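Have a look at the structure below, then the notes.
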Amino acid sequence: MKAEFIKYQAQTTPHPLAMEISHAKGSYIYDSNKKAYLDFVAGVSACSLGHSHPKVVKAIKTQVDQYLHVMVYGEYVQKPAVELSKLLAKHLPEPLESTYLVNSGTEAIEGSIKLARRYTGRSEIIAAKNAYHGNTMGSLSLMDYEERKKPFLPLIPDIKHIAFNLESDLHKITENTAAVILETIQGGAGFIEPTNNYLTKVQARCHQVGAVFILDEIQPGIGRTGKLFGFENYNCQPDIVVTGKGLGGGLPIGAFTASKEMMDTLSDNPKLGHITTFGGNPVIAAAALATLKEITESNLISETLEKEQLIRKHLQHKRIKEIRGRGLMLAAFTDNAELTNEVILQAQNKGLILFWLLFEPKAIRITPPLTISNDEIIEGCRIITSILDKI
């Protein structure tokens, strides 16, 4: 089927991995030859509970038997979407209680930009250098990587950039700023954590000048960093929190959450200030609700920190220079980009799925399902170190 995949399905790179999938279960993906691959990537942090988790599958099947799509977002009362939004509010600090459900993380970023501009009446958006918030036009506009932006110009105007963790840049946030949008942990740049209460200081500066503070939790959110939301690690609270990826349990979802007062500005002057046909889809909301319940009602969140230490213990090698990140959002750095590339490609041949980061070519992405076992972690680390021994 590879030839038809290349011919008929649009490609994102000239050389896709093109592994033909048969099925997936738990921490493993199986190809058409029934070969098992231990998954250290989880669909790029999306499959929080691994593959085909029984509670997620049960929720999907139950909802499929009741109804599928019935109306565009926000018109009908649909229990899965209501219960999901309510559970998010329960686990978020006040006044973050109103959630707009959409179809992907990048769509949630688009919605948060619109909400900030609508609420403040300002247009300037400040993002971080080396940030990645998605690839739709608004999300792409937040990027400072000109090589990636140039073919699609012009993008949305009034975007400025500050350096992540650089406090001396905070003066650039002014009374002209509608919002500052940051990843809680910078993902594509190399899993860079905030330091020296940086996010606390950004929040204070935003509130000083009346700007909205937006945190992108698409990768670090939903239990991956030892807290349900990554920002809980860093003594701060956003005005808008954006989630996606791991919230859906393997199905496509995005969400942005704010105060009721702020969110209500999208519903009038004009009406339908933001609209989506399939946002809050009942099947996807049911899967997300089951995922969020399982993560918050189990020990998975606290176990991510124990599993992080296990990875750090068993992934020691002279060719690995450092491991960045927190919990099960980790990046292992080798000597050089060529070595990293070789490790990732050889690992797939040996039955281990690894992946790259967008802007940091020396980093190996390690973002397994939260449900991965200790034995599976040790085996994955063994494969990586054995590859490094032979290169």
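The values are calculated or read from the model by the stated rules, or taken from the named source; none is laboratory data. Just so it is clear, the model here is predicted, and its values are computed rather than measured. Cβ coordinates were reconstructed from backbone atoms using ideal geometry, including for glycine residues, and neighbour counts include every protein chain displayed. What goes into the accessible areas is simple: the full protein's heavy atoms, side chains included, and nothing from ligands, DNA or RNA. Shrake-Rupley method; radii C 1.70, N 1.55, O 1.52, S 1.80 Å.
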Residue ID - surrounded by the fewest Cβ atoms within 10 Å (Cβ to Cβ), chosen from residues in region 1-15 that are polar (S, T, N, Q) and over 21 Å from the mean Cα position of the chain (by Cα): Gln9
Odd one out for His314 among (1) over 21 Å from Val44 (Cα atoms); (2) surrounded by 18 or more Cβ atoms within 10 Å (Cβ to Cβ); (3) touching a Cys at 6+ places or on another chain (Cβ under 9 Å): (2)
Selected residue (criterion: surrounded by the most Cβ atoms within 10 Å (Cβ to Cβ)) from residues of region 16-33 that are touching a residue at least 60 places away in the same chain (Cβ under 8 Å) and in a loop (DSSP other than H, G, I, E, B): Ser27
Cβ pairs under 7 Å, 6+ apart, first in region 1-15 and closer than 17 Å to Ser32 by Cα, second surrounded by 10 or more Cβ atoms within 10 Å (Cβ to Cβ): Met1/Glu20; Lys2/Ala18; Lys2/Glu20; Phe5/Ala18
Residue check for Arg148: modelled with pLDDT under 95, farther than 20 Å from Ser104 by Cα and more than 19 Å from the chain's Cα centre (by Cα): yes
Breaking point among (1) among the polar types (S, T, N, Q); (2) free of Cβ contacts under 8 Å to residues at least 40 places away in the same chain; (3) in contact with a His (Cβ under 8 Å, 6 or more places away or on another chain), for Thr371: (2)
Selection within region 291-300 - under 18 Å from the mean Cα position of the chain (by Cα) and either open to solvent by less than 10 Å² (accessible area, probe 1.4 Å) or of a type in the set (Lys, Arg) (or both): Thr291, Leu292, Ile295
Neighbours by Cβ (under 6 Å, 6+ apart or cross-chain): first from region 157-170, farther than 16 Å from Tyr145 by Cα; second hydroxyl-bearing (Ser, Thr, Tyr) and open to solvent by less than 40 Å² (accessible area, probe 1.4 Å): Asn165/Tyr198
Candidates Glu261, Glu308, Glu303, Glu217 - the one that is closer than 22 Å to Tyr119 by Cβ and more than 17 Å from the chain's Cα centre (by Cα): Glu261
Looking only at region 341-371, and only at residues there that are β-branched (Val, Ile, Thr) and crowded, with 24+ Cβ neighbours inside 10 Å, the one that is farthest from the chain's Cα centre (by Cα): Ile364
Selected residue [out of contact with any Asp or Glu (no Cβ under 7 Å at 6 or more places or on another chain), open to solvent by less than 40 Å² (accessible area, probe 1.4 Å) and closer than 30 Å to Pro54 by Cα] from Ala332, Ala288: Ala288
Members of region 260-281 found to be open to solvent by 20 Å² or more (accessible area, probe 1.4 Å), assigned to a loop (DSSP other than H, G, I, E, B) and of a type in the set (S, T, N, Q), listed by number: Ser267, Asn269, Thr277, Asn281
Tabulated pairs, region 103-123, first closer than 10 Å to Ala255 by Cα and free of Cβ contacts under 8 Å to residues at least 24 places away in the same chain, second among the aromatic types (Phe, Trp, Tyr) and open to solvent by 10 Å² or more (accessible area, probe 1.4 Å), C-beta under 8 angstrom, 6+ apart or interchain: none
